[in-house]
1. Counting other beta carbons within 10 Å of each residue's own, what order do 159, 27 fall into, fewest first?
2. Which FRET efficiency value, to the nearest 0.05, do you get for residue 159 and residue 139 by plugging their Cβ-Cβ distance into 1/(1 + (r/R0)^6) with R0 = 30 Å?
3. Modelled label-to-label distance, residue 74 and residue 97, 7 Å Cα→beta-carbon offset: nm?
4. Pop a pseudo-label 7 angstrom from the Cα along the beta-carbon direction at both residue 36 and residue 15 and give the gap in nm to one decimal.
5. Report the calculated FRET efficiency for residue 7 and residue 61 (r = Cβ-Cβ distance, R0 = 35 Å), to the nearest 0.05.
6. If r is the Cβ-Cβ distance from residue 113 to residue 44 and R0 is 35 Å, what FRET efficiency results, to the nearest 0.05?
7. Among 57, 91, which comes first, second and so on when ranked by fewest other beta-carbon atoms within 10 Å?
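The numbers here are math on the coordinates, done by the rules we state, and not lab data. Quantities reported herein were computed from a predicted structural model and do not represent experimental measurements. Ideal geometry is used to build each Cβ from the backbone, glycine not excepted, and the neighbour counts take in all protein chains shown.
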């Protein structure tokens, strides 16, 4: 979990931050791989052309072509936050061009976690949140670290009626709070007639 004061302004007064995440480091794997290949190809072109002007031009263009997306991905990874509070899920993206997404927990009807084989090994997945009606601004979050932990926490907030009641405990290994304290979930509500 990451925490940063610069994201505090996206919370409402009295809202409690339960989780805060940025993208998993695998988010950078593709741009890093492309940049590495571009360096290798550029170096090979330089060697074959005996460091001619054309070889240097190809090398610089390859570095720029793959370096800009790499720098953008690094910046984006540090500027993105998924914040789960006791009432909603907030997605903040970007430093220069900002994008904000928000979905009230009460609107989420289904949560799905997708973990590819590599994601299960390295600890990342995709969160899919479904809600009735129009497309919400926050329905899919890729490269989410600790997806099962996030799924269990949001499920507790959504579906465990009275999760804040005395005696309620999260499953072992998923306790983000000091041992012996109940999970600070929502207050008990009356189930809907649906």
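1. Numbers: 159 10, 27 19.
Ascending Cβ contact count within 10 Å gives the list 159, 27.
2. Details: r = 18 Å, r/R0 = 0.61.
Result of the calculation: an efficiency of 0.95.
3. So the label points at residue 74 and residue 97 sit 2.1 nm apart.
4. With each label point 7 Å from Cα toward Cβ, the separation is 3.9 nm.
5. On the way: r = 37 Å, r/R0 = 1.06.
Step by step, r from the Cβ atoms, then E = 0.40.
6. On the way: r = 42 Å, r/R0 = 1.19.
After rounding to 0.05, the efficiency reads 0.25.
7. Numbers: 57 13, 91 17.
Going from sparsest to densest Cβ surroundings: 57, 91.
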